[in-house]
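Structure, as structure tokens:
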Amino acid sequence: MTMLQHNYQSVCAQLADAEQRAGRPAGSVRLVAVSKTFPAADIREVYMAGQRDFGENYIQEWFSKTEELADLPDIVWHVIGQVQSNKTRIVAQRAHWVHTVDKLKTAQRLSAQRPPEMPPLQVCIEVNIAGEVNKHGVPPEEAVALACEVAKLPNLTVRGLMCVAEAAADEEELRRQFERMQALLDELQAAGVAADVLSMGMSADMPLAVACGATHVRIGSAIFGRRDYG
Ligand SMILES: *Cc1c(COP(=O)(O)O)cnc(C)c1O
């Protein structure tokens, strides 16, 4: 087993443990392995250990990896970074999921550009849950209204809500943010959208996110190692 495969197995074990401690069924939380900045060869290694869902932030970088990994037909690509207008076509053509929709305009472009022979693009609305100034996402008060608008688009399926919790928050504050996400999802369901996804929890806050109802956790550094930018 390689070091990455070892890391991967250990994250899977931690996730199983978090599910059990939260009293949630085994396998009920989907692991999205966040591979941004790491080469396609690293993704292939983790794929060989059994992982299928991968998350990427930077569209151009991700596009190259989809080319290099085109021989892995059942890989599931989750876009978890900002999608600029000039990148929506690539995303509509190659992604299975987009977790970071925070503008109706982006959603409209994705829907219009989704090839008709492909299944609907699965999307989450990104919520700026702590109201941080430099963060993407809609304010919590606007999340349900945006999700309802996006749900009307023909080639997208609104699956739920996503957030990046505040990095500096203590455990109590994090719990408050995650619980507010769950409350917003309940509100969205009450508004008639059949959404079932809460994408929240990263390497540092995964067990708490699972305890608070996360259905998708996005784990990068605990699998692939420390990221080197620049
Ligand atoms: C990078 C990133 C992650 C993974 O973060 P880690 O701390 O490395 O686990 C998750 N979600 C988003 C949106 C990210 O940008």
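Tell me whether segment 58-65 contains one or more residues that are over 18 Å from the mean Cα position of the chain (by Cα) and more than 16 Å from the ligand (Cβ to nearest atom). Yes, because at least one residue in segment 58-65 is over 18 Å from the mean Cα position of the chain (by Cα) and more than 16 Å from the ligand (Cβ to nearest atom). Scan segment 155-165 and tell me whether some residue there is at pLDDT below 95, within 16 Å of the ligand (Cβ to nearest atom), surrounded by 15 or more Cβ atoms within 10 Å (Cβ to Cβ) and assigned to a loop (DSSP other than H, G, I, E, B). For segment 155-165, residues at pLDDT below 95, within 16 Å of the ligand (Cβ to nearest atom), surrounded by 15 or more Cβ atoms within 10 Å (Cβ to Cβ) and assigned to a loop (DSSP other than H, G, I, E, B): present. The residue of segment 66-81 that is nearest to the ligand (Cβ to nearest atom), among those that are over 20 Å from Ala151 (Cα atoms) and either assigned to a helix (DSSP H, G or I) or β-branched (Val, Ile, Thr) (or both), is Val76.
Kindly indicate which of Ala130, Ala145, Ala195, Ala169 is over 24 Å from Ser35 (Cα atoms), away from the ligand (no atom under 16 Å from the Cβ) and over 16 Å from the mean Cα position of the chain (by Cα). Before you say what the answer is, go through the steps one by one.
Values: Ala130 fails: away from the ligand (no atom under 16 Å from the Cβ); Ala195 fails: over 16 Å from the mean Cα position of the chain (by Cα); Ala169 fails: away from the ligand (no atom under 16 Å from the Cβ).
Selected residue: Ala145, the only one of Ala130, Ala145, Ala195, Ala169 that is over 24 Å from Ser35 (Cα atoms), away from the ligand (no atom under 16 Å from the Cβ) and over 16 Å from the mean Cα position of the chain (by Cα).
Within segment 82-136, the residues that satisfy the criterion of being part of a loop (DSSP other than H, G, I, E, B), in contact with a strand residue (DSSP E or B) (Cβ under 8 Å, 6 or more places away or on another chain) and crowded, with 20+ Cβ neighbours inside 10 Å are Val83, Ala95, Asp102, Arg114, Asn128.
Residues satisfying the criterion are present in segment 27-50 (criterion: of a type in the set (Ser, Thr, Tyr), within 16 Å of the ligand (Cβ to nearest atom) and assigned to a loop (DSSP other than H, G, I, E, B)).
Scanning segment 171-179 turns up no residue that is within 22 Å of Val79 (Cα to Cα) and part of a loop (DSSP other than H, G, I, E, B).
As for segment 99-107, it holds no residue that is among the β-branched types (Val, Ile, Thr) and touching a Cys at 6+ places or on another chain (Cβ under 6 Å). No other residue among Leu110, Leu69 is modelled with pLDDT of 95 or more, within 19 Å of Gly220 (Cβ to Cβ) and touching a helix residue (DSSP H, G or I) at 6+ places or on another chain (Cβ under 6 Å) apart from Leu69.
The values are calculated or read from the model by the stated rules, or taken from the named source; none is laboratory data. Note that the coordinates shown come from a computational prediction; the quantities given were computed from them, not determined experimentally. Note that each Cβ is placed from the backbone with ideal geometry, even for glycine, and that neighbours are counted across all protein chains shown.
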